[in-house]
Amino acid sequence: DQQVKQNSPSLSVQEGRISILNCDYTNSMFDYFLWYKKYPAEGPTFLISISSIKDKNEDGRFTVFLNKSAKHLSLHIVPSQPGDSAVYFCAASHSGYALNFGKGTSLLVTP
Amino acid sequence: DVKVTQSSRYLVKRTGEKVFLECVQDMDHENMFWYRQDPGLGLRLIYFSYDVKMKEKGDIPEGYSVSREKKERFSLILESASTNQTSMYLCASSGPGQPYNEQFFGPGTRLTVL
C-alpha cells in the first residue's frame, strides 16, 4: 500500500517560472519528509527536507511546504532552470531508518 | 563528501544464476539500504541494515537476501535470478552527523536478467 503518493507523473514548466511538485501521504506517524532529485543513470541526490514540527523550509531556489492537517507537502522551485529537469521523489519517515518513497514526478524545464 | 559505490553499473545475467551486488560506503555509516527502482513504481525498499550482521526486511524482500559482514559493505544477493528482477538497484547509506534520515545513494546497478 503506497503511503506516499505523487499523483502527477510528469510536469512541464517554462524556464524562469515556478515549478510546484506535490506529494500526499497517508501515515500520520511520519515525522520527517525529504525531496530527492534523480538524473538518468545516476543515484538520487538529497535536495531538501522538513521536519513535522515546521511548515516551511527554504534553501535557495527550493522551498518545501508542509500541511500536516491535509497530509500534503509541496516543493517549489523558483525560478526554474533547464538543469532542474529530472525526476523528483518525495520521501517520508517515522522509524528513523527507512524512507517511504513516492513514485516520482518527472520535471521538464523548457527554455 | 560521502561516497557510496556499487560494484557494477551494468550487469547481464541469465535466469537461475546467483547474483551478487556489492555496495561500499566510506563514511562509517551505521545504516545501509538496498532499493530497486522501476518505471511507474518509484523506489521500493528491499532490505536494510542498521549494524553489522543486522538486517531488516523492507517492502519487497522476496527473492533477495543480504549480507553485512563489515560496516562499510552491504551485499544484495539474488539466489536464483528471474526475469522479473530486471531492474535498477540502488544502494544507500545514512548515519549520525547527517541531517536526520538523509540517505546518500550510489550510482545504481542496471541489472538485466535474460
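How about the stretch B:59-73: which of its residues are surrounded by 20 or more Cβ atoms within 10 Å (Cβ to Cβ) and either closer than 17 Å to B:Thr5 by Cα or modelled with pLDDT under 95 (or both)? Full working, then the answer.
Kept after step one, since they are surrounded by 20 or more Cβ atoms within 10 Å (Cβ to Cβ), are these residues of the stretch B:59-73: B:64, B:66, B:68.
Matches in the stretch B:59-73: B:Val66, B:Arg68.
Please count how many residues of the stretch B:80-106 are more than 10 Å from chain A (Cβ to nearest Cβ) and modelled with pLDDT under 95. Spell out the reasoning first.
Initially, the stretch B:80-106 is screened for residues more than 10 Å from chain A (Cβ to nearest Cβ), giving B:80-87, B:89, B:93, B:95-97.
Now restrict to residues that are modelled with pLDDT under 95: B:93, B:95-97.
Within the stretch B:80-106, residues that are more than 10 Å from chain A (Cβ to nearest Cβ) and modelled with pLDDT under 95 number 4.
I want to confirm something. Restricting to the stretch A:36-93 and keeping residues that are facing chain B (nearest Cβ under 9 Å), over 13 Å from the mean Cα position of the chain (by Cα) and within 19 Å of A:Val4 (Cα to Cα), which single residue is modelled with the highest pLDDT?
Looking at residues that are facing chain B (nearest Cβ under 9 Å), over 13 Å from the mean Cα position of the chain (by Cα) and within 19 Å of A:Val4 (Cα to Cα), I get A:Ser51.
Out of B:Leu76, B:Leu90, B:Leu43, I need the residue that is more than 11 Å from the chain's Cα centre (by Cα), part of a strand (DSSP E or B) and crowded, with 20+ Cβ neighbours inside 10 Å. Which one?
After applying the criteria, what remains is B:Leu43.
In the set B:Gln6, B:Gln37, which member is on the phi < 0 side of the Ramachandran plot and in contact with a Cys (Cβ under 6 Å, 6 or more places away or on another chain)?
Criteria check complete, one pass: B:Gln6.
Cβ-Cβ below 6 Å, separation at least six or inter-chain, first residue in the stretch B:46-63 and without any contact (Cβ under 8 Å) to a residue 24 or more places away in the chain and more than 9 Å from chain A (Cβ to nearest Cβ), second basic (Lys, Arg) and not in a loop (DSSP other than H, G, I, E, B): which pairs?
B:Val52/B:Arg68
For B:Ser82, are the conditions met, namely being in contact (Cβ under 8 Å) with a residue 40 or more places away in the chain and either touching a strand residue (DSSP E or B) at 6+ places or on another chain (Cβ under 6 Å) or over 24 Å from A:Phe89 (Cα atoms) (or both)?
When the stated conditions are applied, B:Ser82 passes them.
Considering only the stretch A:28-49, I want to know if a residue exists there that is polar (S, T, N, Q) and either in contact (Cβ under 8 Å) with a residue 40 or more places away in the chain or more than 24 Å from B:Pro107 (Cβ to Cβ) (or both).
Checked the stretch A:28-49: at least one residue is polar (S, T, N, Q) and either in contact (Cβ under 8 Å) with a residue 40 or more places away in the chain or more than 24 Å from B:Pro107 (Cβ to Cβ) (or both).
Filter the stretch A:20-35 down to residues that are outside any loop (DSSP other than H, G, I, E, B) and more than 8 Å from every other protein chain (Cβ to nearest Cβ) and give me whichever is modelled with the lowest pLDDT.
Taking the candidates together, the pick is A:Phe33.
The values are calculated or read from the model by the stated rules, or taken from the named source; none is laboratory data. Not measured: the values here are computed from a predicted model. Reconstructed Cβ throughout: ideal geometry from the backbone, glycine too, with neighbour counts over all protein chains shown.
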